[in-house]
Amino acid sequence: MATPWRLRTGGVDDLDLLEPLWVAVHQRHREAMPELAPYVSDAETWRARRALYEQLIASPDTLLLIAFVGENAVGYGLTHVLPVAGSWIEDTWVTGDRVGEIESLSVLPEYRGSGLGSELLDRLERHLHERGVNDFILGALSGNSDALRLYQRRGYQPTWLYLSKFAGRPRNSR
Ligand SMILES: CC(C)(COP(=O)(O)OP(=O)(O)OC[C@H]1O[C@@H](n2cnc3c(N)ncnc32)[C@H](O)[C@@H]1OP(=O)(O)O)[C@@H](O)C(=O)NCCC(=O)NCCS
């Protein structure tokens, strides 16, 4: 059966379309781990994310894929390539010289669970393979169990865990 969405690649001119999709990820983060509050505002998360995407899209190895239903953007994925030298990977694991990072994956709530996230991930991984990059990383909140399940089913394994003790967080919160 044909999927209700169509995918196309995106560029810097499409970044405004991604704001609600990224804010949905931020919302998911806040819901998954309320004990890590306070979180930055929706405006602040997008300001920082947009600046990161502008920087990443400047590299020819970056791929931004956007899913549309009609005129509406309902999901996206973004991957980029980074050198292993100087990264946290270099001194511990055997990999190629370059690693592909799945920087973002987002599907609007009403479209989740119907295969769009998996298709975006497939396409991002294929893009990396086509560039000779066969080692992949991605970051996720440890409490984002739905997303972790998807990634682990796809062969990603928990690898490096950051712990935080931020001054703005009440000491006794959990
Ligand atoms: C994670 C995400 C991109 C997956 O996209 P998707 O289109 O729902 O994925 P698919 O339909 O291909 O696969 C479904 C799988 O996604 C995961 N999933 C995550 N959130 C889900 C949700 N709200 N509903 C259904 N599945 C969800 C599950 O592992 C599910 O598989 P299951 O059968 O084990 O439950 C999407 O759920 C999303 O945008 N979540 C919120 C933002 C987020 O957490 N992004 C990842 C940040 S690291």
Go over the candidates Arg123, Arg154, Arg112 one by one and state the one that is touching a residue at least 60 places away in the same chain (Cβ under 8 Å) and under 26 Å from Thr3 (Cα atoms). Arg123
Of all the residues that make up segment 20-41, how many are within 10 Å of the ligand (Cβ to nearest atom) and within 16 Å of the chain's Cα centre (by Cα)? 9
Note: among Gly77, Gly143, just one is at pLDDT 95 or above, within 11 Å of the ligand (Cβ to nearest atom), touching an Asp or Glu at 6+ places or on another chain (Cβ under 9 Å) and not in a strand (DSSP E or B), namely Gly143
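Conditions tested, residue by residue: (1) within 17 Å of Ala24 (Cβ to Cβ); (2) among the aromatic types (Phe, Trp, Tyr); (3) modelled with pLDDT of 95 or more.
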| position | (1), (2), (3) |
| --- | --- |
| Glu44 | yes, no, yes |
| Val84 | no, no, yes |
| Trp93 | no, yes, yes |
| Gly115 | no, no, yes |
| Leu120 | yes, no, yes |
| Arg149 | no, no, yes |
| Thr159 | no, no, yes |
Meets criteria (more than 16 Å from the ligand (Cβ to nearest atom), touching a residue at least 12 places away in the same chain (Cβ under 8 Å) and surrounded by 11 or more Cβ atoms within 10 Å (Cβ to Cβ)) for Leu17: no
Considering segment 94-127 alone, what residues qualify as being exposed (fewer than 13 other Cβ atoms within 10 Å of the Cβ) and either part of a helix (DSSP H, G or I) or away from the ligand (no atom under 16 Å from the Cβ) (or both)? Val94, Gly96, Asp97, Pro109, Glu110, Arg126
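The values are calculated or read from the model by the stated rules, or taken from the named source; none is laboratory data. Since this is a predicted model, take the numbers as computed values, not measurements. Neighbour counts are summed over all protein chains in view; Cβ atoms, including those assigned to glycine, are modelled from backbone coordinates with ideal geometry.
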